[in-house]
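Novice: I'd like to ask some things about the structure below.
The values are calculated or read from the model by the stated rules, or taken from the named source; none is laboratory data. The structure displayed is predicted, hence computed values, not measured ones. Just the protein is used for accessible areas: all its heavy atoms, side chains included, with ligands, DNA and RNA removed. Shrake-Rupley method; radii C 1.70, N 1.55, O 1.52, S 1.80 Å.
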Amino acid sequence: MTATAPARARAEIDLAALRANVRTLRAQAPTAALMAVVKSDAYGHGAVPCARAALAAGATWLGTATPQEALELRAAGLPGRIMCWLWTPGGPWREAVEAGLDLGISGLWALEEVTRAVRGSGHVARVQLKADTGLGRNGCQPADWPELVARALRAESEGHVRITGLWSHFARADEPGDPSIQAQLTRFHEMLAYAEGQGVRPEVRHIANSPATLTLPGSHFDLVRTGIALYGVSPSPEIGTPADLGLRPVMTLSASLALVKHVPAGHGVSYGHHYVTPGETTLGLVPVGYADGIPRHASGTGPVLVGGKWRTVAGRVAMDQFAVDLGGDEPPVGERVILFGPGDHGEPTAEDWAQAAGTIAYEIVTRIGTRVPRVHVNVNNEQDG
């Protein structure tokens with residue numbers, strides 16, 4: 001491929017949009033610090049460039065799921081507070097402590113492992129105790145909370161750990177008004193009060209994710225953890241569109257038409273012939289498929305913009321490609337096909353693909369595979385205008 005040849009596919013990542021989203025979210029929670037969650041390669045957007053952009057726009061924490069993700073950020077030179085929370089036995093506790101990470105602790109086994117890892121090393125582990133207030137995933141159940149708090153305080157008194165945070169996570173904050181939201185907040189207040197009554201003095205208390213940051217000021221506490229909203233994707237249609245929320249989608253996914261051809265009426269298209277041309281037409285071949293993260297569940301429904309017109313996936317999405325019925329139009333081979341973007345030019349959005357595939361927009365952006373290069377644009381703050 002020459003330097004001027006169109007790429008098979010690319011995901012353009014607009015870092016100016018990400019910085020603007022950080023500023024919008026900070027304004028929604030003006031009394032709290034903001035954690036930029038960059039797990040899963042920043043929801044598919046590229047962890048290191050997105051982390052740098054978020055910090056430049058005023059985020060003061062970074063968050064990842066796994067310790068390996070957090071250690072990669074440190075290795076790339078990212079400064080400041082970085083928290084990770086998805087641990088399994090035998091994890092890289094010592095490396096994480098030496099890298100100055102904040103470690104989410106959900107149970108006694110994890111507290112015991114990190115304490116063993118630092119004993120005699122001269123290092124003090126920064127730990128944040130997670131309360132299960134109703135999500136039912138990670139986190140310590142209320143019945144076990146007193147023991148976890150007591151053991152953590154003992155480890156703190158022995159100089160092995162510093163309890164830097166108390167935190168939890170909502171189950172249904174993307175459903176405004178659901179009674180579980182207030183129930184979880186009440187439980188969080190109770191578990192905070194117990195821990196602080198026993199002598200825990202956390203630097204930060206936090207429970208708010210993206211939807212709670214946008215809709216629930218009473219949940220902001222000292223820190224909000226913003227994930228999907230950073231990338232300009234609405235947490236749910238019930239909360240509003242990105243434009244309603246003052247957010248701008250960061251990723252634009254496009255590909256180059258690989259083939260345009262005439263076919264007769266009654267021509268089957270792709271595996272299983274689930275689409276048969278209703279009349280003489282032209283077909284365009286889009287060279288991305290489920291190996292690139294295009295959901296097979298969007299076969300027959302996924303929208304794209306070609307030549308200024310919406311088209312729909314014709315037949316099955318295959319591993320590396322899918323077809324669209326161009327209705328007799330003949331765009332040139334190499335024409336840009338936009339799968340999703342901000343919607344400024346009439347192109348579909350990630351939410352449109354989520355609706356087509358019966359999933360959520362989080363999955364649409366996060367699943368875009370490594371065969372699709374990320375091209376980061378507007379890297380410098382000066383380009384924000």
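Novice: Which lysines, if any, have their Cα less than 19 Å from the Cα of Lys261, not counting same-chain residues under 8 positions apart?
Specialist: Lys309
Novice: For segment 20-124, taking Cα atoms only, what is the radius of gyration to one decimal and the Dmax to the nearest whole Å?
Specialist: Rg, Dmax (Cα atoms, Å): 14.6, 45.
Novice: Averaging over every viewing direction, what projected area does the convex hull of the Cα atoms of the chain cover, in nm²?
Specialist: 21.2 nm²
Novice: Identify all aspartates and glutamates with a Cα-Cα distance to Lys39 below 15 Å; exclude those on the same chain that are fewer than 8 residues away in sequence.
Specialist: Leaving aside aspartates and glutamates fewer than 8 places away in the same chain, those within reach of Lys39 are Glu69, Glu72, Asp102, Glu363.
Novice: Order the following by accessible area, largest value first: Asp344, Asp329. Probe radius 1.4 Å; ligands, DNA and RNA are ignored.
Specialist: Heavy-atom accessible area, descending, gives Asp344, Asp329.
Novice: What percentages, rounded to whole numbers, describe P(r) for segment 74-219 computed over all alpha carbon pairs with 10 Å bin width beginning at zero?
Specialist: Cα pair-distance distribution for segment 74-219, in percent: 12, 41, 33, 13, 1.
Novice: Rolling a 1.4 angstrom probe over the protein heavy atoms, how many square angstrom per residue are accessible across segment 1-141? Spell out each step's value before the answer.
Specialist: Values: 5540 Å² over 141 residues.
The answer is 39 Å² per residue.
Novice: Using only C-alpha atoms and all pairs of different ones, pull out the Kirkwood radius for segment 170-285 in Å with one decimal.
Specialist: Radius from the Kirkwood sum: 18.5 Å.
Novice: Hey, another quick one. Over segment 175-263, what percent of the accessible surface lies on carbon and sulfur atoms, probe 1.4 Å?
Specialist: Carbon and sulfur: 53 percent of the exposed surface of segment 175-263.
Novice: To continue, here is another question. Which helices pass in the chain if a helix is a full DSSP H run, must span at least 15 angstrom along its long axis by Cα, and must have mean Kyte-Doolittle hydropathy not below 0.5?
Specialist: On the way: long enough: 15-28 (20 Å, 0.11); 108-118 (16 Å, 0.59); 145-157 (18 Å, -0.16); 179-197 (27 Å, -0.23).
Qualifying helices: 108-118.
Novice: In deg cm²/dmol, rounded to 500, what helix-only [θ] at 222 nm does the chain give when every DSSP H run of at least 4 residues adds -39500 (n - 2.57) and the total is split over its residues?
Specialist: When only DSSP H runs of four or more count, the value is -8000 deg cm²/dmol.
Novice: Taking the Cα atoms of segment 199-258, report the difference between the largest and smallest coordinate on each principal axis, in whole Å and largest first.
Specialist: Result, largest extent first: 65, 22, 14 Å.
Novice: How big is segment 249-385 by the Kirkwood estimate over distinct Cα pairs, in Å?
Specialist: Roughly 15.4 Å, rounded to one decimal.
Novice: Give me the Å³ per residue figure for the convex hull around the C-alpha atoms of segment 257-334.
Specialist: Values: hull volume 6.0 nm³, N = 78.
Hull volume normalised by residue count: 77 Å³.
Novice: Now for a different question. Tell me the carbon and sulfur percent of the accessible area for segment 294-385, rounded to whole percent, probe radius 1.4 Å.
Specialist: 49 percent
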